[in-house]
Structure formats: structure tokens, C-alpha cells
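One structure is given below, encoded as C-alpha cells.
The values are calculated or read from the model by the stated rules, or taken from the named source; none is laboratory data. All values derive from a computational prediction rather than experimental measurement. Note: ideal-geometry Cβ built from the backbone for every residue, glycine included; neighbour counts use all protein chains shown.
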């Protein structure tokens, strides 16, 4: 399993009238975690797009347990458990500074050719990076 942690501090604009971080913001937090995890693997979204590869999210699930509040530092843990083929799954957990689990989530993305918009196999660079961590 590959795992990476990213710290995010919640901003005032992300809080609703109840004082909770608005639920829709977690998708953005998970994207930050995913992009940073891929960067650690040596993979850049920008470079993939330059090569004609897009990665749209085709599934997103989340289970909320506790709210986050304004100006809290959150830890987003991003995990990949299996080598991708034409899709890749990311798992996430959000913890507050007390270590409390706030939510758990997953996203599934598909590799798509940007010209044809048709699914394709995972780029070899991603397969190699995943193999390095998942098969060692």
C-alpha cells in the first residue's frame, strides 16, 4: 500500500453558518491530497495532460463522522492499495489535530485519451510507480 499525508488549514470561506467546514469542500481537500501523493510518486498531473491523458473522477464516496472547524489543521491521508489498469482508486481519511477521524472517502478515476475521450490503459509511469510501492 502507498500512503501519503498532506496538511491543510481550513479557511474562513470554507465554513458554513453552523461553523462547520462545508461538506462540499472535502472533495477539494482530497484533490489536494491526491495531487500531492502523485507528486511524491514522481507523477505530475500537468505532464500527464501534456501527454494527452486526462483523469476524470467517475466515482466519489464519503462517510462523515465529525465536523471540522475554521482554522483547524487537517491531515489528509491518501492511499493507493492496488496497481491501476484503466482506473485508479484513491482512499482518504481526514483527521483533525487531536487525531480524531472526521471522515473517510474514496475516489475512482479513469484514464482517458484527451483527443478521443475514450478510456485507455494506465500510463506506464503510473504503473511503474505503483509497482515500486505496492510490490516491495
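Numerical summary
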read-out: Lone unmet requirement of (1) within 19 Å of residue 33 (Cα to Cα); (2) over 15 Å from the mean Cα position of the chain (by Cα); (3) at pLDDT 95 or above; (4) surrounded by fewer than 16 Cβ atoms within 10 Å (Cβ to Cβ) for residue 102; value: (4)
read-out: Residues (in contact with a helix residue (DSSP H, G or I) (Cβ under 6 Å, 6 or more places away or on another chain) and either closer than 18 Å to residue 115 by Cα or at pLDDT 95 or above (or both)) located in the stretch 63-83; value: 70, 76, 78
read-out: Failed criterion for residue 93 (all others in (1) touching a strand residue (DSSP E or B) at 6+ places or on another chain (Cβ under 6 Å); (2) touching a residue at least 40 places away in the same chain (Cβ under 8 Å) hold); value: (2)
read-out: Filtered residues of the stretch 107-126 (kept if surrounded by fewer than 16 Cβ atoms within 10 Å (Cβ to Cβ) and within 19 Å of residue 3 (Cα to Cα)); value: 108
read-out: In the stretch 19-65, the residues that are surrounded by fewer than 13 Cβ atoms within 10 Å (Cβ to Cβ), free of Cβ contacts under 8 Å to residues at least 40 places away in the same chain and over 12 Å from the mean Cα position of the chain (by Cα); value: 24, 46, 47, 50, 65
read-out: Verdict on residue 15 being at pLDDT 95 or above and surrounded by 13 or more Cβ atoms within 10 Å (Cβ to Cβ); value: yes
read-out: Residue in the stretch 18-39 that is closer than 22 Å to residue 125 by Cα and in contact with a helix residue (DSSP H, G or I) (Cβ under 8 Å, 6 or more places away or on another chain) present; value: yes
